[in-house]
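*Asks:* Take a look at this one; I'll ask things after.
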């Protein structure tokens, strides 16, 4: 599988998925994930000689859907995404457990419902690749715009249960800021310290820090570590009161991150 980032706005990643490199004069088909802006997608397609076979949408936010209409008008391609009353761009609405077969059946994606960032949020999984929008980031997770802490934590637990070698393709380059927060939560976690140094080096060379591997998230992402005493104690110290459930710990560190 060939997966390439297309940068958009200040920190968005739109993803291109293809099974073959375009080498001849005929453009090769690809799948585009969360095109918030059509312009960089058109530019990337022209530069690499691809055409769009389908579009995948993880949730309704405009920075993930804003380019869909222009791309569909040009390529007449289907748009797969969640059942949602927040957007009208989706032609093929999907539910938990459904499969999407694309690129001559060489790409088969499982739909995982993961509400929390938004209520309609879904992820697409084709082992070992996970396209998760804004549900989980490198060393972080999305803001809780519509969901509840318990609901969001259940979604994170669902994704965290995937195989450790899962490659996570999220939609934003937030890694340095997320790791700086993670270091505040767990200042003695050397895996976070090392990862922050690596992320800074990558960004200094204008390289993406995404994808990330799920095993690394288990070691450094505080939102996947709410079951650990180190994160629980940090949350209690921050809010200056005891917390009795993981839901409370998650809600505390999510609010802490909002104001970090």
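Only the coordinates and a few stated rules stand behind these numbers; no lab work does. Only a predicted model underlies this, so the values are computations on that prediction, with no experimental measurement involved. Counting neighbours? That spans all protein chains shown, and the Cβs are built from the backbone with ideal geometry, glycine included.
*Asks:* At q = 0.14, 0.19, 0.24 Å⁻¹, what is the log10 ratio I(q)/I(0) for segment 85-181, with the Debye formula run over Cα points and no solvent?
*Replies:* The Cα Debye sum returns log10 ratios of -0.54, -0.98, -1.39.
*Asks:* Compute the separation of the alpha-carbon centres of segment 151-209 and segment 1-48 and state it in Å as a whole number.
*Replies:* A separation of 24 Å, based on Cα centres.
*Asks:* Follow-up. Provide 92, 227, 48 in ascending order of the number of other Cβ atoms located within 10 Å of each residue's Cβ, fewest first.
*Replies:* 227, 92, 48
*Asks:* Using Cα atoms only, what is the angle between the long axis of helix 229-239 and the major principal axis of the chain, expressed in degrees (0 to 90) to the nearest 10?
*Replies:* Around 80 degrees separate the two axes.
*Asks:* Which residue fluctuates most in the GNM of the chain (Cα springs below 10 Å): 24, 66, 116?
*Replies:* 24
*Asks:* What is segment 1-158's relative contact order, in percent, from Cα pairs under 8 angstrom and six or more apart in sequence?
*Replies:* 15 percent
*Asks:* What do you get when you divide the Cα radius of gyration of segment 174-259 by 2.2 N^0.38 Å, with N the number of residues?
*Replies:* Against the empirical 2.2 N^0.38 Å value, I get 1.12 for segment 174-259.
*Asks:* For the Cα atoms of the chain, what angle does the longest principal axis make with the long axis of helix 175-185, in degrees from 0 to 90, nearest 10?
*Replies:* It works out to around 20 degrees.
*Asks:* Can you give the calculated 222 nm mean residue ellipticity of the chain, where each DSSP H run of n ≥ 4 adds -39,500 (n - 2.57) and the sum is split over every residue, rounded to the nearest 500 deg cm²/dmol?
*Replies:* Value at 222 nm, helices only: -10500 deg cm²/dmol.
*Asks:* On the Cα set of segment 1-151, report Rg and Dmax in Å, please.
*Replies:* In Å, with Rg to one decimal and Dmax whole: 14.7, 51.
*Asks:* Over all directions, what mean area does the Cα convex hull of segment 133-214 project, stated in square nanometres?
*Replies:* Value for segment 133-214: 5.7 nm².
*Asks:* What's the exposure ranking of 236, 96, 217, going from fewest to most Cβ atoms within 10 Å?
*Replies:* Ranking 236, 96, 217 by Cβ neighbours within 10 Å, fewest first, gives 96, 236, 217.
*Asks:* In degrees from 0 to 90, rounded to the nearest 10, what is the angle of the helix 38-48 Cα long axis to the longest principal axis of the chain?
*Replies:* So the helix axis and the longest Cα principal axis differ by about 60 degrees.
*Asks:* Based on Cα positions only, what radius of gyration and what Dmax would you give for segment 37-103, in angstroms?
*Replies:* 12.2, 35
*Asks:* Continuing with this model, one more query. Among 34, 70, 120, rank each residue by its count of other Cβ atoms within 10 Å, from fewest to most, as a rough exposure measure.
*Replies:* Least to most surrounded, the residues fall as 70, 120, 34.
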